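A.B. asks: Dumping the structure here so I can ask a few things about it.
Nothing in this text is a laboratory measurement; each read-out follows from the coordinates by a stated rule. Keep in mind that what you see is a predicted model, and the values were worked out from it rather than measured. Reconstructed Cβ throughout: ideal geometry from the backbone, glycine too, with neighbour counts over all protein chains shown.
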Amino acid sequence: MDIERFQQSPIGSLVTISGVDGRTGKPYSHFGFAPAPLTSLPQLTGDAWAAVAEASHAMGRLKQGESLVPNPALLRRPTLRREAQSTSALEGTYAPLDEVLAADIVDEASKSPALREVMNFVAAAENYYAGLAEQRPLTVGLITNLQATLVAGTSANTEDAGRVRQKQVVIGSRGDDITDARFVPMPNGPALEAGVSDLVQWMRSDGHSGVSPIVAAAMAHYQFETLHPFNDGNGRLGRLLIVGQLVMDDLIGEGLLSVSPWFERRRNEYQEHLASVSATGDWSPWVTFFANGLLASAKDTAERLGALLELQRSYTARIRAARKRGVIEAIGELLIGQPFVTVPWLTAQTAKTYQAVSNAVTALEELGILSPVRNAYPQTWAAREVLAIA
């Protein structure tokens, strides 16, 4: 880490760290960066405020669109899986989007380690959104539980899973020495635990009263990633908390927002903006970048949701024009959220007989709504038009 870059930071300080590097066995003596607790609204430029206003307006339009969706949970499935695939890729874990969308119909033993890790994010997010719907308060315990879910069954599922880290970590290691890391967070211990507790309290609506929700989300995300409170999963969890905070602040009504694809395409710029806040204390460039990301993400999400709803209406019209009724209509609605299906899976979802579902699938194939997936076991069908949108 470039120590000189962070020596004069007005929003944090360098803390001496020392120990033995677990990777090399070599002793080290260096510095970590400890951010000061978040306080009130920072000074922002006119350009930053303009970006915040645009993003807020886009969020309002997305929320309005959400209110027109008859089954938000169904449409959240492809949105969340796209977010899961992208946020994991940003951290170096890659599973093809088609595999992520088909994960619910694949038995656990057939899933790759990468796919299981991506689906851990889906499980964590669904639990988080369920808690938000029930108005459960944000707590340190909630966040540590989410982190435990993220790393379950992976190499990061160590004794430190589900608790604030107990050892020093580095970000962007470029060599064998800790001094080669791109950034070194503050050391583990009581100060880190206090920092996480302060952040959680600030993220709750009464903690940042009077601060624009977009600005508050940008500040909280910076603070979380800079504290880097866990041994693994900080990036994925931090981006999940962005959407959750926007829901808590009532800027959007559901978790129908995917932010990671935009940040994934700008990984280096994203990382540099976070480091620059620590070095200079100037929030404007980061807030502008962050708001632009939310603006683009809200527009993209709204367009995809609109296209999926239009396709759902098209399915209904095609099914009715063919004089079909009953289970086939229910399956047509399910396909928007689950574009890969099997007869057993649909039988369980619709509570209809195997034969009735099988007949409906055949009819949907004849209508061009479903097409068989080659070499898939068990026999699988795909809604290709949904895949083209998702």
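A.B. asks: Once you mark the GluC sites (Glu not before Pro) that are in a DSSP loop and have at most 10 other Cβ atoms within 10 Å, what is the longest gap between them in the chain?
C.D. replies: Free of exposed loop sites, the longest segment is 160-390.
A.B. asks: Same structure, new question: By the gyration tensor of its Cα atoms, with a ≥ b ≥ c the square roots of the eigenvalues, what is the shape of region 3-304: rounded for a/c under 1.5, prolate for a/b over b/c, or oblate?
C.D. replies: oblate
A.B. asks: So, one more: Between Asp250, Asp21, Asp107, find the one with the highest GNM mean-square fluctuation for the chain; connect C-alpha pairs within less than 10 Å.
C.D. replies: Looking only at Asp250, Asp21, Asp107, the biggest GNM fluctuation is shown by Asp107.
A.B. asks: Something else now. Let me check against my output: what whole-number percent is the relative contact order of the chain, with C-alpha pairs under 8 Å and at least 6 apart?
C.D. replies: Over the chain, the number comes to 23 percent.
A.B. asks: Would you mind classifying region 110-224 by shape? Square roots of the alpha carbon gyration tensor eigenvalues, ordered a ≥ b ≥ c; an a/c under 1.5 is rounded, otherwise it is prolate if a/b is larger than b/c and oblate if not.
C.D. replies: Oblate shape, in that a/c is at least 1.5 and b/c is the bigger or equal ratio.
A.B. asks: Continuing with the same structure: Sorted by average packing, counted as other Cβ atoms within 10 angstrom per residue and highest first, what order do 290-300, 314-324 take?
C.D. replies: Those peptides, ordered most packed to least, come out 290-300, 314-324.
A.B. asks: If the only charges are +1 at each Lys and Arg Cβ and -1 at each Asp and Glu Cβ, what is the size of the charge dipole of the chain around the Cα centre, to the nearest 20 debye?
C.D. replies: With Lys and Arg at +1 and Asp and Glu at -1, about 1060 debye.
A.B. asks: May I ask for the net charge around Asp160, where only other residues with Cβ less than 9 Å from the Cβ of Asp160 are counted and Lys, Arg are +1 while Asp, Glu are -1?
C.D. replies: +1
A.B. asks: Round to a whole angstrom and tell me the spacing of the C-alpha centers of region 343-367 and region 312-330.
C.D. replies: Using only Cα atoms, the two centres lie 13 Å from each other.
A.B. asks: Of all trypsin sites (Lys or Arg not before Pro) in region 171-263, which ones are in loop regions per DSSP and have a Cβ with at most 10 other Cβ atoms within 10 Å?
C.D. replies: In loop regions of region 171-263 (DSSP not H, G, I, E or B), the sparsely surrounded trypsin sites (Lys or Arg not before Pro) are Arg174.
A.B. asks: Further question on the same structure: In whole Å, how far is the Cα centre of region 238-280 from that of region 1-47?
C.D. replies: When both Cα centres are located, 21 Å separates them.
A.B. asks: May I pose another question? Hey, what did region 1-107 get for relative contact order, percent, Cα under 8 Å, at least 6 apart?
C.D. replies: For region 1-107, the relative contact order is 14 percent.
A.B. asks: GNM on the chain, C-alpha springs below 10 Å: top fluctuator among Val140, Val373, Val341?
C.D. replies: With Cα springs under 10 Å in the chain, the top fluctuation among Val140, Val373, Val341 is at Val373.
A.B. asks: Whole Å is fine, so just give me how far the alpha carbon centre of region 297-311 lies from that of region 191-224.
C.D. replies: First find each Cα centre; the distance between them is then 30 Å.
A.B. asks: Given the options Gly32, Gly60, Gly210, which has the most mean-square fluctuation in a GNM of the chain, springs set between C-alpha atoms less than 10 angstrom apart?
C.D. replies: Gly210
A.B. asks: Quick check: from the Cα gyration tensor, does region 15-170 come out rounded (a/c under 1.5), prolate or oblate?
C.D. replies: Oblate, because a/c is 1.5 or more while a/b does not exceed b/c.
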